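Structure record follows, encoded as structure tokens.
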Amino acid sequence: MEQVSREITYDAYCKQVCSVLKKATQKEKIALSEELLDHMESHAEALIELGWDPEEARTYAIQAMGDAETVGRQYDEKLSSFWLWCGRLLCVALFCYVAYLLSGPVQKKYQAVQDNYQARTDPQWGINGMVFPDRDPWISEPVDIAIPLGEQWLRIYRVEIYELPEREDYNIAVFTVTYADDPLQNTSVIQPRLEREGSFAYNGSKGAIYQALIGIVEEGQSFIGLRIPQIGEDTLIQIPIPWEVTP
Amino acid sequence: MAKKQSIEHTSLLVLSLLSTEDMYGYQMIAELTKKFDNTFSMKEGTLYPVLKGLENDGFVEVYEEKTESGRTRKYYHLTNKGRRQLKTETETWRAYERAINSVVERAVYGAGV
């Protein structure tokens, strides 16, 4: 018990001295603590040899050291600021490096959230005009069909019909966008298919994936089936075909 | 019994002590207490800032040794630069001492002495 008490008291004095040191490195603090500890123990041992009560000797040895904060302040004045500034510069450099490393993923995440928001509010900018760069659509109608797919949404936002030269059937382009329900989550690719599919194109980011599905329809056909692959079985959605332009 | 005095010239005293042998902190305090016949008084912890200053100036060097009880003990050694500094400070101190003595003796024994 006595041993524990002594160590705590000496230790407390050393800690108090070191708490004032602003310019000291950890190594310097440890070295000073060891030196002060040796001093106090040596002093107490000398007093005990003279017949002092051990506890009184230890208490006196600590008191003889003087005010811990004063000792710490005076010692700190003698320390060089070199390592302090080195440490500060290192911290700044480290901060800049970490910020640089984080800036890439953070920017990507920010872009993904922005894309997700865009897909929810105004998906029309998606990939219009990218399907047949050399042909204008005969009919181009905005639609808004939102299909929940677990933690994602598939939204159909535009249908376009293109005439095919010297043929009686038509190309149909169904524009979709997929985005996560939680804007902070990444969107995973799903591949819906049109019945009588021709091809598809897509672009997007982790925030939203735009797809243009190309198929073939007969004149007057009311619906075209859209098959959405899901775990277990596919879901079939019938999309109305707009043969007339909405005024 | 002489009144205890606070010593202002700790650096000079430390350099003087180290001119005879390498010492550790508490040993210097014990030696000063013995030499001054208990008229010396200083807060012992304030010795270490003085020692650090002397080390920074290159007047003393530090090395470590293990004590019998296993503690790490720092010993201070006077360098050649420290010896030259001791000589300079001793001369300064003696000039100061002569000036003080002349004033005090004049006051005690009168202008005719």
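Do the conditions hold for A:Arg196, that is, is it modelled with pLDDT under 90, more than 36 Å from the chain's Cα centre (by Cα) and surrounded by 12 or more Cβ atoms within 10 Å (Cβ to Cβ)? Show your work before the answer.
Working: modelled with pLDDT under 90: yes; more than 36 Å from the chain's Cα centre (by Cα): yes; surrounded by 12 or more Cβ atoms within 10 Å (Cβ to Cβ): yes.
When the stated conditions are applied, A:Arg196 passes them.
Just to be sure, is A:Tyr60 away from every other protein chain (no Cβ under 14 Å) and either surrounded by 14 or more Cβ atoms within 10 Å (Cβ to Cβ) or modelled with pLDDT under 90 (or both)?
Numbers: away from every other protein chain (no Cβ under 14 Å): no; either surrounded by 14 or more Cβ atoms within 10 Å (Cβ to Cβ) or modelled with pLDDT under 90 (or both): yes.
When the stated conditions are applied, A:Tyr60 does not pass them.
Given (1) assigned by TED's automatic domain parsing to the domain that holds A:Gln16; (2) touching a strand residue (DSSP E or B) at 6+ places or on another chain (Cβ under 7 Å); (3) of a type in the set (Phe, Trp, Tyr), where does A:Tyr60 come up short, assuming only one miss?
(2)
Can you work out which of the residues in region B:12-32 that are in contact (Cβ under 8 Å) with a residue 12 or more places away in the chain, open to solvent by 10 Å² or more (accessible area, probe 1.4 Å) and out of contact with any Asp or Glu (no Cβ under 8 Å at 6 or more places or on another chain) is farthest from the other protein chains (Cβ to nearest Cβ)?
B:Ser19
Conditions (1) under 43 Å from the mean Cα position of the chain (by Cα); (2) more than 14 Å from chain B (Cβ to nearest Cβ), marked per residue:
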| site | (1), (2) |
| --- | --- |
| A:Glu77 | no, no |
| A:Trp83 | yes, no |
| A:Leu90 | yes, yes |
| A:Val98 | yes, yes |
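Are there any pairs with C-beta distances below 6 angstrom linking a residue in region A:25-40 that is closer than 22 Å to B:Ile29 by Cβ to a residue that is modelled with pLDDT of 95 or more and hydroxyl-bearing (Ser, Thr, Tyr), with the two at least 6 apart or on different chains, and if so which?
Here the result reads A:His39/B:Tyr26, each pair linking region A:25-40 to a residue that is modelled with pLDDT of 95 or more and hydroxyl-bearing (Ser, Thr, Tyr).
Which fully enclosed strands (runs of 3 or more DSSP E) of region A:72-183 have 2 or more residues being open to solvent by 50 Å² or more (accessible area, probe 1.4 Å)? Walk me through it before giving the result.
On the way: elements: A:139-149, A:152-163, A:170-180.
Ranges flagged: A:139-149, A:152-163.
If you check A:Lys27 against the conditions, is it touching a Lys or Arg at 6+ places or on another chain (Cβ under 8 Å), of a type in the set (Lys, Arg), at pLDDT below 95 and open to solvent by 50 Å² or more (accessible area, probe 1.4 Å)? Working first, answer last.
On the way: touching a Lys or Arg at 6+ places or on another chain (Cβ under 8 Å): no; of a type in the set (Lys, Arg): yes; at pLDDT below 95: yes; open to solvent by 50 Å² or more (accessible area, probe 1.4 Å): yes.
Considered against the rule, which asks whether it is touching a Lys or Arg at 6+ places or on another chain (Cβ under 8 Å), of a type in the set (Lys, Arg), at pLDDT below 95 and open to solvent by 50 Å² or more (accessible area, probe 1.4 Å), A:Lys27 comes out as no.
Among the residues of region B:60-91, which ones are open to solvent by 90 Å² or more (accessible area, probe 1.4 Å) and either on the phi > 0 side of the Ramachandran plot or more than 14 Å from chain A (Cβ to nearest Cβ) (or both)?
B:Glu61, B:Asn80, B:Lys81, B:Arg83, B:Arg84, B:Lys87, B:Glu91
Are any of the residues in region A:32-43 open to solvent by 70 Å² or more (accessible area, probe 1.4 Å), more than 7 Å from chain B (Cβ to nearest Cβ) and not hydrophobic (A, V, I, L, M, F, W, C)? Let's see the steps before the verdict.
Applying the first criterion (open to solvent by 70 Å² or more (accessible area, probe 1.4 Å)) to region A:32-43 yields A:34.
In the following step, the residues that additionally are more than 7 Å from chain B (Cβ to nearest Cβ) were identified as none.
Scanning region A:32-43, I find no residue that is open to solvent by 70 Å² or more (accessible area, probe 1.4 Å), more than 7 Å from chain B (Cβ to nearest Cβ) and not hydrophobic (A, V, I, L, M, F, W, C), so the answer is no.
The values are calculated or read from the model by the stated rules, or taken from the named source; none is laboratory data. Since the structure is predicted, the reported quantities are computational estimates derived from the model, not experimental observations. Methodologically, a virtual Cβ is constructed for each residue, glycine included, from the backbone with ideal geometry; neighbour enumeration extends over all protein chains shown. The accessibility values were calculated without ligands, DNA or RNA, using every heavy atom of the protein model including side chains. Shrake-Rupley method; radii C 1.70, N 1.55, O 1.52, S 1.80 Å.
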